[in-house]
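Engineer: Would you mind keeping the following structure in view while I ask a few things?
The values are calculated or read from the model by the stated rules, or taken from the named source; none is laboratory data. Nothing here was measured: the structure is a model prediction, and the numbers come from that model. Cβ atoms come from the backbone with ideal geometry, glycine included; neighbour counts cover every protein chain shown. Heads up: the accessible areas ignore ligands, DNA and RNA and are worked out on the full protein's heavy atoms, side chains in. Shrake-Rupley method; radii C 1.70, N 1.55, O 1.52, S 1.80 Å.
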Number of protein chains: 2
Amino acid sequence: MSQLLEQLRKVVGEGNVVTGQAVHADYTHDETLTAAPVVPLALVLPGSTDEVSEVLTLAAEQRVPVVARGSGTGLSGAAVPRADGILLAFDRMRRIREIDTENQIAVVEPGVTLEQLDAELAPLGLIYPVSPGEQSGSLGGNVATNAGGMRAVRYGVTRHHVLGLEVVLADGRVLRTGGKFVKCSSGYDLTQLLIGSEGTLAVTTEVTVKLQPRFTQSSTVLAPFADLAQVAEAVPHIVHSGVDPSILEYVDVLVMAGITQAAGLDLGIPDDVKARTLAYLVVVLEGMEADRVDEDVQRLGTLLDQLGAIDVYVLPSTSGAQLIAARERAFFVGKAAGCDDLIDAVLPRASIPDYLARLAVLATEHGALVTGCGHIGDGNVHVTVFQPDDERRHALMHAAFELAVSSGGAISGEHGIGTAKLPYFLEMQDPVAVDLMRAIKQVFDPSGILGPERVLGVPLVGDGHGGRPA
Amino acid sequence: MSQLLEQLRKVVGEGNVVTGQAVHADYTHDETLTAAPVVPLALVLPGSTDEVSEVLTLAAEQRVPVVARGSGTGLSGAAVPRADGILLAFDRMRRIREIDTENQIAVVEPGVTLEQLDAELAPLGLIYPVSPGEQSGSLGGNVATNAGGMRAVRYGVTRHHVLGLEVVLADGRVLRTGGKFVKCSSGYDLTQLLIGSEGTLAVTTEVTVKLQPRFTQSSTVLAPFADLAQVAEAVPHIVHSGVDPSILEYVDVLVMAGITQAAGLDLGIPDDVKARTLAYLVVVLEGMEADRVDEDVQRLGTLLDQLGAIDVYVLPSTSGAQLIAARERAFFVGKAAGCDDLIDAVLPRASIPDYLARLAVLATEHGALVTGCGHIGDGNVHVTVFQPDDERRHALMHAAFELAVSSGGAISGEHGIGTAKLPYFLEMQDPVAVDLMRAIKQVFDPSGILGPERVLGVPLVGDGHGGRPA
C-alpha cells in the first residue's frame, strides 16, 4: 500500500497525497444526515486531466476503489470516502477555462463552484441558471447528481444545461463528449448518460455549460395559505397561467418559522395572518422589462387571490432576496434542529397535494414529525423527517418512497441515490432497468473501482461481497 | 422462413404481415436522398406493446434483423428496411393514450404524428413545441432521431421534452423509463440514452412528453441582408438581446426563391431590395400579450437595422405563417430541383459565418452548387448539395463534415447518422466514444438484430461481415 502512495505522490506531487490524521475532517463526509464520516486511504488532489488519468490507471491496476468528491455538499452519500480507497478531490482543478460570450458558453474544471462561476458571469450580463440550494456546490458535483434547485421550474436541471464533458474512464482513458453546440444527433448521447451517474461511470474533469442572458428585473411574491393542499393545488394554475415563474416554492409554516428566525428576517406579515397560515407559496418573477414584471406580478396576485391565498405580499427587493437566501439554508436549519433524514421524492405535479396529505398520515403512524418545503413547481418535495429511532425512521422512509413510486413518481428528484437511498432504489426500481444500468456500469468500469456500491449496489470486483450482478 | 411468417401472423394477425409485391412502395424507403429502396422480408404491423414484444422475441430467437419505422420522414436511412429482415411499422399504434392537462403531459403511441397530437392540443391551449419540418413525422421517429426543427432555438429538441418511454428490448423484455415528472436523479437516465439511438437499442412503444401553454400571439419578421456572413453574425446579437425568438432561421436567396415560388407566395419585397439580397433572416416572436410581442418586434427591428439588414419587414400573419410553412418544405423543393445530398452539421453558433464561407470554397473546389437554410439560432445549418457525381460529392461531404468537426461541431444536428453518414461518423468520431457506444449496443442488443449496421456499423451477429467490434 505504501507503494501505491509513493506512486500517487509521483503523479500529483508530494503535498497532494494526504493520509491519516492529516486528512481534514471536511473530506471525510458530505452533507448526508445518515452517513458516518470515513477517513480515506488517501486523499488525492489532482491538478490536471492527465493526473486524473494516471491516478485512475494506478487504481485500476491495483483494484483500489476511487470516490470522486466535489464540494461535499451532496445529500445521498455518493461522495463519502471508502476507508480502503482513494478520495479524489478537485481543490486544484478550479479554473474557469473559458467564458465564450459569443456562444454563451462556459468551460470549467470540476472544482469550480457555482458562486465562483456566477461572480465571473454577472458582470457580463450572463447567468448559469441552475441553482441548487448550495452555491458552494461544484460543477463536477452538480454533474454527478444532475443537480436541480429552485430555478428548475423555469430552466430545467443540470442535464438541460451541460453541452459537453471531458471525463476520465476507469481505465485511465480520456473521453470527450458533446461540445459548444446546443443540439446533436450523432450517436448515443454519452453526456446525458454520464450526468447523474454519481461518480460510478467516470470521473469528470471538464464541464461545458450553456449560459443565458441574465434578467435585470426580479420580484418576489409571498402568499400565505390556510392549508398545504391549497398551496399544492394552486401550482398547476400558476404554471398554466403563462407568467412563467423562475422560482415556485412551497414552504410550510414550521420551515418558514425556522428559516426566517435563523436569518433574523421579518417579512412584515401581520400576526393574525401568521396565525391562520399553514403554508406559504414563494414565487419569483423575472424579466428584462420592469413594467412587464410588474404587470405579471399584478396578474399573479389576482390569481393567487382567486386560488385562496389569505393575502399576497410583494416583498421589497432586499427582503425578497433574503427570503430566497434563507430558503436555500432550509436544509441547514433542519439539520441544526436535529432532523434525522430527508426525502426529495419527485412526483407528477398534480399528485403533490395527495402525496403530502398521505405522507402526513404515514408520519403520524410512524411517530415522526415531518416538515417540508420544496420545488413544488416541478413536483419535487423536500421533506425533513424527525424520528431518531432508526427502525421506525426506515419504515417511514420506505413507506414514503413506496408512496412516491406508486403515485407515478421517483425516489429522488435531485439529490441522487448514492448510498443513502440504495436499498429503497434497488427494491422499487424496475429490475429490467437495474439490469441494464448494471450492465452499463460494467461497460464503463469492469473492475467496479468507481464509487463501489453506490447507486446500483455493484461491489468492487473481488471485494468479497459475493458475485457480480448478472 | 415461411415458418417465421406463420409465427408472425399468429402474433399480429393475418393481415398485418405483408410480403413481396404487397408491400406498398412507401414502406421501402425514408426520405434519404442517397439510399435505395428495399423491400423487407416482411412488413409487420403490431397493434400493441405485447405484440411488439412477441415479434422481437421471435426475431431474437431466429436472428432476424428488425428495422423500426415511424412515418418514413427520416433523412439518414435508419428506417430503410433490410431485405432479410422485419420492418416494424406503427400504423396500428396511433392512439393518444392520455392528455393530462393538469400535469401538462401527453402519453402517446409511437405512430402518433405531430399534426395529430397538435390537433388534440390546440383546443386545450397546449402545445408540444418540438417542430421538425415535417408535421407528418411520428413521435416514435422523433424519439429515434432526437428530432429538432425550427423551434429548437427557444424550446430545445426532442430530448428536452420526452419525460419517459416504454420500449421493448431486443430480447422481448419491456422497459419503462421516467414518468410524468420533469426531473429525476434516480439512477442512470435510460430515457436520454435511448433518445437519438435511431432504433438500434430498443423499439419504442410509448412516449410521455411534456407540454406547455400555447402562445396566442405571434409575429414574423423578415430581414434581407446583402451577404450571408452578416446574417450569421447577426444571430448571436439577437440571441443576447433577450427577445427570445421562437424561430430564428436563415434562408439563402436560392432557397428563398425556390420555396416562395413552390408555395406561390409573394412576400411583397421590392425588386430592388431582392436584387441586393443574398440571404434572409426569418424571425418569429411569440407570446401571450399582443403589446409585448409588438414591442419586441420594434426592438428587434431596430437591432436588425443596426446589424446591417437592407430592410425589415413585419409580415402580415397570413403570409408569415405561409413563409414558415414554405420553409418547412425546403427539403422537398430542393429534392424536386434535383439536389443530391444534404448536410445538417451543427456548430458553435458563432462559427457559422466562417463555416459557410469555407463551405462555399469547398463547393467550388468540388464543382458543386450548395444552397442553404437552417436553424441558425441553434447552430444547425441545412445545406443542399447539387453534385450528381458520386465520387466528387462524397469528397465534398467528407470535407464538409471534417470542417464541421474541426470547427468544434458535430456531423448531424438533428437528422441522425443512420446509414447515410455512417462512414463519416466512424472516421471522425473519437474512437473511445465509438467503443463505448458499441459496448452499450452490445448490452441492449447482444445479437445485433436492431437496425444492424446503422449508427455504429455493428453487424447482425453471424452475418458474415467479419467479427464483432471489440
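Engineer: Condition first: small (Gly, Ala, Ser) and either modelled with pLDDT of 95 or more or open to solvent by 40 Å² or more (accessible area, probe 1.4 Å) (or both). Now tell me which residues in the stretch A:327-337 satisfy that.
Structural biologist: Our first condition is that a residue be small (Gly, Ala, Ser); within the stretch A:327-337, this holds for A:330, A:334, A:336-337.
Correct list: A:Ala336, A:Ala337.
Engineer: Ok, one more. What tally of residues in the stretch B:304-326 results from selecting those that are surrounded by fewer than 18 Cβ atoms within 10 Å (Cβ to Cβ) and either of a type in the set (Ser, Thr, Tyr) or assigned to a helix (DSSP H, G or I) (or both)?
Structural biologist: The number of residues fulfilling the criteria is 6.
Engineer: When you check A:Leu33 against the structure, is it at pLDDT below 95 and on the phi < 0 side of the Ramachandran plot, yes or no?
Structural biologist: Details: at pLDDT below 95: yes; on the phi < 0 side of the Ramachandran plot: yes.
Yes, satisfied.
Engineer: Checking the structure you have, find out if any residue of the stretch B:146-155 is closer than 22 Å to B:Cys184 by Cα, open to solvent by 20 Å² or more (accessible area, probe 1.4 Å), at pLDDT below 95 and within 14 Å of chain A (Cβ to nearest Cβ).
Structural biologist: Yes, that holds for at least one residue.
Engineer: Which one is surrounded by the fewest Cβ atoms within 10 Å (Cβ to Cβ), of the residues in the stretch B:104-127 that are more than 24 Å from B:Ser48 (Cα to Cα) and not hydrophobic (A, V, I, L, M, F, W, C)?
Structural biologist: Per the stated criteria, the residue is B:Pro123.
Engineer: Test B:Val370 against the criterion of being in a strand (DSSP E or B) and open to solvent by 30 Å² or more (accessible area, probe 1.4 Å), and give yes or no.
Structural biologist: So B:Val370 fits the description; yes.
Engineer: Being open to solvent by 10 Å² or more (accessible area, probe 1.4 Å), small (Gly, Ala, Ser) and within 11 Å of another protein chain (Cβ to nearest Cβ): is that true of B:Gly141 here?
Structural biologist: no
Engineer: Then there's this: Please go through the stretch A:88-99 and pick out each residue that is open to solvent by less than 20 Å² (accessible area, probe 1.4 Å) and more than 22 Å from A:Val168 (Cα to Cα).
Structural biologist: none
Engineer: Separate question: Can you list residue pairs whose Cβ atoms sit under 6 Å apart, with the first residue in the stretch A:158-175 being at the interface with another protein chain (Cβ under 10 Å from one of its Cβ atoms) and touching a residue at least 24 places away in the same chain (Cβ under 8 Å) and the second being basic (Lys, Arg) and open to solvent by 10 Å² or more (accessible area, probe 1.4 Å)? Count only pairs 6 or more apart in sequence or on different chains.
Structural biologist: A:Leu163/A:Lys210
Engineer: Which of (1) within 20 Å of B:Ala229 (Cβ to Cβ); (2) within 14 Å of another protein chain (Cβ to nearest Cβ); (3) not in a strand (DSSP E or B) is the odd one out, the single condition B:Ala363 does not satisfy?
Structural biologist: Going through (1) within 20 Å of B:Ala229 (Cβ to Cβ); (2) within 14 Å of another protein chain (Cβ to nearest Cβ); (3) not in a strand (DSSP E or B) one by one, B:Ala363 breaks only (2).
Engineer: Right, next: Of all residues in the stretch A:87-111, which are away from every other protein chain (no Cβ under 14 Å), touching a residue at least 60 places away in the same chain (Cβ under 8 Å) and not charged (D, E, K, R)?
Structural biologist: Answer for the stretch A:87-111, where residues must be away from every other protein chain (no Cβ under 14 Å), touching a residue at least 60 places away in the same chain (Cβ under 8 Å) and not charged (D, E, K, R): A:Leu87, A:Leu88, A:Ala89, A:Met93, A:Val108, A:Pro110.
Engineer: Conditions: (1) out of contact with any helix residue (DSSP H, G or I) (no Cβ under 7 Å at 6 or more places or on another chain); (2) part of a loop (DSSP other than H, G, I, E, B). A:Thr73 meets all but one. Number of the miss?
Structural biologist: Every condition holds for A:Thr73 apart from (1).
Engineer: Got a sec? Which of B:Glu427, B:Glu453, B:Glu391, B:Glu402 is over 15 Å from A:Cys184 (Cα atoms), free of Cβ contacts under 8 Å to residues at least 40 places away in the same chain, assigned to a loop (DSSP other than H, G, I, E, B) and away from every other protein chain (no Cβ under 11 Å)?
Structural biologist: B:Glu453
Engineer: Follow-up. Here's a check for you: in the stretch A:328-354, which residue that is facing chain B (nearest Cβ under 10 Å) and not in a helix (DSSP H, G or I) is farthest from A:Tyr424 (Cα to Cα)?
Structural biologist: By that ranking, first place goes to A:Pro348.
Engineer: Also: Can you say whether A:Ala290 is away from every other protein chain (no Cβ under 14 Å) and not charged (D, E, K, R), as far as the supplied structure shows?
Structural biologist: Spelling it out, it is not the case that A:Ala290 is away from every other protein chain (no Cβ under 14 Å) and not charged (D, E, K, R).
Engineer: If you don't mind, another one. Filter the stretch A:406-424 down to the residues that are within 24 Å of A:Val143 (Cα to Cα) and more than 7 Å from every other protein chain (Cβ to nearest Cβ), then identify the one that is most open to solvent (accessible area, probe 1.4 Å).
Structural biologist: Result: A:Pro423.
Engineer: With respect to A:Leu460, is the statement that it is within 14 Å of chain B (Cβ to nearest Cβ) and not small (Gly, Ala, Ser) true?
Structural biologist: Criteria not met by A:Leu460.
Engineer: Moving to a separate point now. When you look at B:Ala290, is it more than 27 Å from A:His240 (Cα to Cα) and either of a type outside the set (Ser, Thr, Tyr) or touching a Ser or Thr at 6+ places or on another chain (Cβ under 7 Å) (or both), yes or no?
Structural biologist: The answer is no for B:Ala290.
Engineer: Does the stretch B:271-278 contain any residue that is within 17 Å of B:Cys373 (Cβ to Cβ), at pLDDT 95 or above and in a strand (DSSP E or B)?
Structural biologist: no
Engineer: So is B:Ala79 in a loop (DSSP other than H, G, I, E, B), under 21 Å from B:Pro459 (Cβ atoms), touching a residue at least 60 places away in the same chain (Cβ under 8 Å) and not basic (Lys, Arg) or not?
Structural biologist: When the stated conditions are applied, B:Ala79 passes them.
Engineer: Can you tell me which residues in the stretch B:309-325 are within 19 Å of B:Leu228 (Cβ to Cβ) and modelled with pLDDT under 95?
Structural biologist: Those that are within 19 Å of B:Leu228 (Cβ to Cβ) and modelled with pLDDT under 95: none in the stretch B:309-325.
Engineer: Assuming A:Ser76 fulfils every condition listed in (1) within 14 Å of A:Gly451 (Cβ to Cβ); (2) open to solvent by 20 Å² or more (accessible area, probe 1.4 Å); (3) of a type in the set (Ser, Thr, Tyr) apart from one, which condition is it?
Structural biologist: (2)
Engineer: Report every pair of residues separated by at least 6 positions or lying on different chains whose Cβ atoms are under 6 Å apart, first residue within the stretch A:296-316 and of a type in the set (D, E, K, R), second in a loop (DSSP other than H, G, I, E, B) and open to solvent by less than 30 Å² (accessible area, probe 1.4 Å).
Structural biologist: A:Asp296/A:Val243
Engineer: Here is a follow-up. All but one of (1) under 20 Å from B:Gly149 (Cβ atoms); (2) open to solvent by 70 Å² or more (accessible area, probe 1.4 Å); (3) polar (S, T, N, Q) hold for B:Gln298; state the number of the condition that does not hold.
Structural biologist: (1)
Engineer: Step by step: first the residues of the stretch B:237-255, then only those that are open to solvent by 10 Å² or more (accessible area, probe 1.4 Å) and in a helix (DSSP H, G or I), then the one that is farthest from A:Leu126 (Cα to Cα). Which residue is that?
Structural biologist: Among residues in the stretch B:237-255 that are open to solvent by 10 Å² or more (accessible area, probe 1.4 Å) and in a helix (DSSP H, G or I), the one farthest from A:Leu126 (Cα to Cα) is B:Leu254.
Engineer: When the residues of the stretch A:206-234 are narrowed to those that are touching a helix residue (DSSP H, G or I) at 6+ places or on another chain (Cβ under 6 Å) and assigned to a helix (DSSP H, G or I), which ends up nearest to the other protein chains (Cβ to nearest Cβ)?
Structural biologist: Within the stretch A:206-234, the match that is nearest to the other protein chains (Cβ to nearest Cβ) is A:Glu233.
Engineer: Of the conditions (1) within 12 Å of another protein chain (Cβ to nearest Cβ); (2) more than 30 Å from B:Leu126 (Cα to Cα); (3) surrounded by 21 or more Cβ atoms within 10 Å (Cβ to Cβ), A:Ser185 clears all except one; give me its number.
Structural biologist: It is condition (2) that A:Ser185 fails.
Engineer: OK, next. Only one of A:Leu436, A:Leu396 is touching a helix residue (DSSP H, G or I) at 6+ places or on another chain (Cβ under 8 Å), in a helix (DSSP H, G or I) and more than 8 Å from every other protein chain (Cβ to nearest Cβ). Can you tell me which? Spell out the reasoning first.
Structural biologist: Working: A:Leu436 fails: more than 8 Å from every other protein chain (Cβ to nearest Cβ).
Going through A:Leu436, A:Leu396 in turn, just one is touching a helix residue (DSSP H, G or I) at 6+ places or on another chain (Cβ under 8 Å), in a helix (DSSP H, G or I) and more than 8 Å from every other protein chain (Cβ to nearest Cβ): A:Leu396.
Engineer: For residues in the stretch A:212-235 being crowded, with 18+ Cβ neighbours inside 10 Å and small (Gly, Ala, Ser), which is farthest from A:Ile376 (Cα to Cα)?
Structural biologist: Looking at residues that are crowded, with 18+ Cβ neighbours inside 10 Å and small (Gly, Ala, Ser), I get A:Ser219.
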